[in-house]
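See structure below.
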Amino acid sequence: MKNIKSGDLLFALIFFMISAFLMSQLPDQVKWFKNTKLTSQPALWCSIGLIGMTAFGFIHLLLKIRLNDLNRELKEGLIWIRSIEFACWFLLYVVLVQYIGYLLATCIIAFCLSYRVGYRKKAILLYSVLTALFIVLGFKTFLEVKIPGGVIYEYLPDTLRTFMILNF
């Protein structure tokens, strides 16, 4: 009982739920053709795989329910949910790039993430912004990665806009 890790029950539950959902979608997603050998059916291996995943996932779930501490599993689940925050930061970054450009978005997100993870000294926050600036210079200027300019660049004078779109 001591060698059971937290998260096992949560993983078993999620795995079973996803495989059961996928199996419920089989009739709409795969075709069984009349007058075709069983081994030539396009739906055969999908069905075998999903039936196996669901059946063994259910057995795994039953074994984990018997052996686990529910309180510990809920704490582990909260840790998993908290990690979604950083995916949201990335999505925010992607949205910001199209409006304020690669340079500003990178600098702002670097500063905010540094602050979010606990850095409060001005020097460290400044280093995060400088690091972001060097990342932008490296990708956009030196490697010439084509990243579309933000909407904000449209408000700049023509020559500055072209320079910013090409280099930042």
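Every number here is computed from the coordinates shown, using simple stated rules; none is lab data. Bear in mind the structure is a predicted one, so any value in this text is a computation, not a measurement. Positions of Cβ are backbone-derived with ideal geometry, glycine not excepted, and every protein chain shown enters the neighbour counts.
See the values below:
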{"item": "Alpha-carbon Rg with Dmax, taken over segment 47-124, Å", "result": "20.7, 58"}
{"item": "Ordering of 131-144, 113-126 by burial proxy (mean other Cβ atoms within 10 Å per residue, highest first)", "result": "131-144, 113-126"}
{"item": "Cβ-based net charge around Val97, under 14 Å, with every Lys or Arg adding one and every Asp or Glu removing one", "result": "+2"}
{"item": "222 nm mean residue ellipticity, helices alone, for the chain (DSSP H n ≥ 4; -39,500 (n - 2.57); rounded to 500)", "result": "-23000 deg cm²/dmol"}
{"item": "Base-10 log of normalised Debye intensity for segment 1-146 (one unit scatterer per alpha-carbon) at q = 0.10, 0.19 Å⁻¹", "result": "-0.69, -1.03"}
{"item": "Stokes-Einstein diffusion coefficient of segment 84-167, Kirkwood radius over Cα pairs, 20 °C, 1.002 mPa s, in µm²/s", "result": "159 µm²/s"}
{"item": "Rough spin-label spacing in nm, given labels placed 7 Å along Cα→Cβ, for Val117 and Phe90", "result": "1.4 nm"}
{"item": "Count of Lys pairs (Cα-Cα under 23 Å; at least 8 positions apart or interchain) in the chain", "result": "5"}
{"item": "Tyr127, Tyr155 arranged by Cβ crowding within 10 Å, fewest neighbours leading", "result": "Tyr155, Tyr127"}
{"item": "Where labels lie 7 Å past Cα in the beta-carbon direction, separation of Val129 and Glu154 in nm", "result": "2.7 nm"}
{"item": "Where labels lie 7 Å past Cα in the beta-carbon direction, separation of Ser47 and Asn35 in nm", "result": "1.9 nm"}
{"item": "Packing-based exposure ordering (other Cβ within 10 Å, fewest first) of Asp28, Asp69, Asp8", "result": "Asp28, Asp69, Asp8"}
{"item": "Cβ charges +1 (Lys, Arg) and -1 (Asp, Glu), total dipole of segment 22-168, debye", "result": "360 debye"}
